[in-house]
Amino acid sequence: MNPSDTGSLSAFFDGAVALLADGLLGLAWWQVLIVALVLTHITIASVTIYLHRHSAHRALDLHPIASHFFRFWLWMTTGMVTKEWTAIHRKHHAKCEHEGDPHSPHIFGIKKVFYEGAELYRAEAKNTETLERYGHNTPNDWIERNVYSRYSALGVSLMLILDVLLFGALGLAVWALQMAWIPITAAGIINGIGHWWGYRNFEATDASTNISPWGIIIGGEELHNNHHTYPTSAKLSVKPYEFDIGWMYISILQAVGLAKAKKLPPKMAFGAVKPVADEKTLEAIIANRYEVMAGYAREMREACKTEIAALKARQADASVLKAAKRWLHRDDDKVPQSVKPQLAQARAEHPVLDKMVTMREELRALWSSTNATREQLAADLQAWCHRAEESGIAALRDFSIRLRSAHA
């Protein structure tokens, strides 16, 4: 062999080894880790902004440039098809916690959804009825038909090659992290834990919970109870202490003309207290019914604290009331059967709380009724306010007066 050929071959192998060792960028391991976390965060942002808030719920419009960037990025990093993800998520909302929900932990069990959420997604993606019924108004252009949907695995394969070229052997770990990120965070944590454990701002009709008040790691999706309460809102945070990083990104996109939010969570407005609640008051209460009930829940918790303090002052047993406190403000179908005897005992022993629970159900009937006329509902609201203010219970009186100041 020609010595020059031997030298060239040796140089080639040396270069290949160097490429595998350090990649084109030659970054240290901790720098690669930071880049990997940034890449996975872009993927999370793409899911929450594009797939979830834009495609599934139409909560915001995206400029074609932003929309196509997100589509391309998700093709490269997840292989997910917009129509499939959108259809499955819409079906989840339509069937939430009932038979047909593609990934409810109350149907499949928390372990199944947490550890095998991605498998549940893939199984539902094969259901053509789901795609046809819920997958409307999703991209169907040339590149979607001929590239993104047709070759959904090609993008992640290209991502693997790119990761190895940029980061060397560590690129394999970067790629593995990228591939695991959505199955763990979205399919496992949000679909599983987000319907199993956490706090609830609102008594939504399902079991959704907020996992954390700071929606950063999963792009704001941590505020899952807020989302299920106001599913068409582009913003997921509703309380002053909550933070939705996805909304921050949307606000930046809006500032540069790449996005436009279509709907935000309603906000209760208050003005002068009216002598009696009227139809306008009724409109405001119904439009903000989740916020109204959240406010009522706060009053009930304060009333519970007062009752517990009184029991302790008399050195009486407060264990039953402490156990019932968590559930007194919940809808009856959300209360576990094992807890109901304690609730019944607490209500029997504490007339104030019993009255507040009864009045809560009467208030909820204002928007649950399907037969009453607008005039009848307004009259029912007036009667409710009168009973509340004549009940002798300060919390009920103050709450009713505040309701009379509500306006749309």
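Things to note:
- Accessible area in the full protein assembly, largest first, 1.4 Å probe, for Lys263, Lys334: Lys263, Lys334
- Lys, Arg +1 and Asp, Glu -1 on Cβ, resulting dipole of the chain about Cα centre, debye, nearest 20: 920 debye
- Rounded accessible area per residue of the range 145-294, 1.4 Å, Å²: 45 Å²
- The figure for Thr78 is an accessible area of roughly 40 square angstrom, using a 1.4 Å probe on the protein chains alone.
- Loop-located GluC sites (Glu not before Pro) in the range 65-127 whose Cβ has at most 10 other Cβ within 10 Å (DSSP): Glu99
- With every protein chain in place, the range 211-250: carbon and sulfur % of accessible area (1.4 Å): 75 percent
- For the pair Leu172 and Ser338, the difference between a 0.36 nm per residue extended length and the Cα-Cα distance amounts to 54.8 nm.
- Whole-percent carbon and sulfur share, accessible surface of the range 57-157, 1.4 Å: 55 percent
- In plain terms, the bigger the Kirkwood radius, the slower the diffusion; for the range 83-196, with that radius from Cα pairs, at 10 °C and 1.306 mPa s, Stokes-Einstein puts D at 102 µm²/s.
- At a probe radius of 1.4 angstrom, the accessible area of the range 304-363 per residue rounds to 56 square angstrom.
- Dipole magnitude of the range 115-156 about its Cα centre (Cβ charges: Lys, Arg +1; Asp, Glu -1), debye to nearest 20: 140 debye
- Percent accessible area from carbon and sulfur atoms, the range 280-321, protein chains only, probe 1.4 Å: 49 percent
- Over 26 Å (Cα to Cα) - which of Lys91/Lys262; Lys235/Lys274; Lys83/Lys239; Lys312/Lys334; Lys305/Lys340 fall in this group: Lys235/Lys274; Lys83/Lys239; Lys312/Lys334
- Rounded tilt (10° steps) of 394-403 against the dominant C-alpha axis of the chain: 70 degrees
- Rounded tilt (10° steps) of 3-22 against the dominant C-alpha axis of the chain: 10 degrees
- Over the chain: helical MRE at 222 nm, DSSP H runs n ≥ 4 each giving -39500 (n - 2.57), nearest 500: -18000 deg cm²/dmol
- Computed packing ranks the peptides 373-380, 176-183 as 176-183, 373-380, most packed first, by mean other Cβ atoms within 10 Å.
- With N counted as the residues of the range 52-134, its alpha-carbon radius of gyration over 2.2 N^0.38 Å works out to 1.16.
- In the assembled protein chains, Phe243 presents an accessible area of approximately 80 Å² (probe radius 1.4 Å).
- Rh by Kirkwood over Cα pairs, then Stokes-Einstein D for the range 165-316 at 1.002 mPa s and 20 °C, µm²/s: 115 µm²/s
- For the range 269-378: rounded, prolate or oblate by the Cα gyration tensor [a/c cutoff 1.5]: prolate
- Using alpha carbons only, the radius of gyration of the chain set against its Kirkwood radius gives Rg/Rh = 1.10.
- Calculated accessible area for the range 33-75 comes out at 34 Å² per residue, all protein chains present (probe 1.4 Å; ligands, DNA, RNA ignored).
- Helix 170-182 axis, angle to the chain major axis (alpha carbon atoms, nearest 10°): 30 degrees
The values are calculated or read from the model by the stated rules, or taken from the named source; none is laboratory data. Everything numeric here is computed off the predicted structure, so don't read it as measured data. Glycine also receives a Cβ, built like all others from the backbone with ideal geometry; neighbour counts cover every protein chain displayed. In case anyone asks, the SASA skips ligands and DNA or RNA and just uses the protein heavy atoms, side chains included. Shrake-Rupley method; radii C 1.70, N 1.55, O 1.52, S 1.80 Å.
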